[in-house]
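Okay, so here's the structure we're looking at.
Bear in mind these aren't lab numbers, they're just calculated from the coordinates by the rules spelled out. None of these values were measured; they are calculated from a predicted model. Don't worry about glycine lacking a Cβ; one is built from the backbone with ideal geometry, like all the others, and counts go over all protein chains shown.
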Amino acid sequence: MNIELRHLRYFIAVAEELHFGRAARRLNLSQPPLSQQIQGLEQQIGARLLARTNRSVQLTAAGAQFLIDARQILQNVAQAADKAARLHRGDLGELRIGFTSSAPFITAVSDALFTFRQRYPAVHIQMQEINTRQQLAPLNEGRLDLGVMRNTPLPDTLDHQLMLREPLYAVFPRAHRLAGEATISVSELAQEPFIFFDPQVGTALYSETMSLLQRYGVSPNIAQEVGEAMTILGLVATGLGVSILPASFSRIRLDEVRWVALQEADARSEVWLVWAKQRETTALREHMKALLLPGDAGLTGG
């Protein structure tokens with residue numbers, strides 16, 4: 001059986017007009033070829049679709065059912081073509097993004113996600129909170145399309161672009177002697193009990209902050225090691241120690257915590273947008289990249 005979409009269109013025109021001449025004019029065909037096409041269609045199906053007399057054309061029972069099905073087939077084809085075109089344009093589909101725990105508190109990220117949702121409401125955004133180092137394998141394997149992460153060594157298979165640099169702040173309990181300062185030096189934290197990430201968790205912030213302290217000769221007195229930034233803030237609030245965190249976390253308002261700027265110019269954290277080099281470049285991914293990487297990506301982010 002070799003039924004083509006044009007055969008369905010020919011049959012639908014005849015079935016709706018119930019007149020070969022009018023159907024031929026509607027299709028911009030001459031009548032004899034149209035009649036031959038319908039006869040050929042009936043032969044392929046093995047059923048009479050139209051009852052013809054010299055004066056009339058009527059649908060048979062088989063023809064009436066075939067008309068319903070033919071219309072549905074053409075509708076399905078049109079919908080499939082439209083869906084493919086929308087996927088190609090990036091108006092439809094799913095975008096999988098890995099992000100570190102600080103990402104939702106970065107204004108540039110939250111603004112980009114809001115704008116994307118407004119522009120592409122039919123796209124499903126699947127957000128997965130996962131630390132920087134744990135994003136690398138899913139990006140390589142195609143389980144994530146984009147990763148929002150802190151700067152870290154990347155394999156050759158991944159590419160990245162700087163989204164922003166944000167300042168690192170010292171975080172104190174409200175009653176701490178340094179809590180009221182406008183700025184402090186990293187060296188002033190040398191004797192403080194330090195609450196920070198467990199190195200086994202694999203966050204890039206751990207390496208970034210430890211490198212900063214070491215550059216200024218500070219060997220931190222680690223009092224507590226935890227897995228989440230929210231836990232760090234909670235323990236600082238209880239007075240168990242101090243910490244260093246990116247400015248974006250300061251959007252989490254705790255009355256018992258004070259944020260103090262660090263004087264060192266290199267007390268900054270980079271946020272990267274990362275993707276796999278060899279994976280297919282999709283319009284969806286490019287739409288999001290355009291929103292997350294506007295203008296000068298080296299600007300300080302809040």
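Just so you know, in region 18-39 the residues that are under 18 Å from residue 5 (Cβ atoms) and touching a residue at least 24 places away in the same chain (Cβ under 8 Å) include one that is surrounded by the most Cβ atoms within 10 Å (Cβ to Cβ), and it is 38.
Quick check: is even one residue across region 168-179 of a type in the set (Ser, Thr, Tyr) and assigned to a loop (DSSP other than H, G, I, E, B)?
Taking region 168-179 and keeping what is of a type in the set (Ser, Thr, Tyr), we get 169.
From the residues that got through so far, the ones that are assigned to a loop (DSSP other than H, G, I, E, B) too are none.
Checked region 168-179: no residue is of a type in the set (Ser, Thr, Tyr) and assigned to a loop (DSSP other than H, G, I, E, B).
Filtering 148, 201 for residues that are surrounded by 14 or more Cβ atoms within 10 Å (Cβ to Cβ) and in contact with a helix residue (DSSP H, G or I) (Cβ under 7 Å, 6 or more places away or on another chain) leaves a single hit, 148. Assessment of region 96-115 against the conditions (part of a helix (DSSP H, G or I), in contact (Cβ under 8 Å) with a residue 40 or more places away in the chain and over 30 Å from residue 245 (Cβ atoms)) yields no matching residue.
Among the residues making up region 52-91, those that are touching a residue at least 24 places away in the same chain (Cβ under 8 Å) and not aliphatic (A, V, I, L, M) are 56, 58, 63, 66, 71, 86, 88, 89, 90, 91. Taken over region 116-145, the criterion of being among the charged types (D, E, K, R), outside any helix (DSSP H, G or I) and surrounded by 14 or more Cβ atoms within 10 Å (Cβ to Cβ) is satisfied by 145 alone.
Note on region 105-151: among residues that are out of contact with any strand residue (DSSP E or B) (no Cβ under 8 Å at 6 or more places or on another chain) and of a type in the set (Lys, Arg), the one that is farthest from residue 277 (Cα to Cα) is 119.
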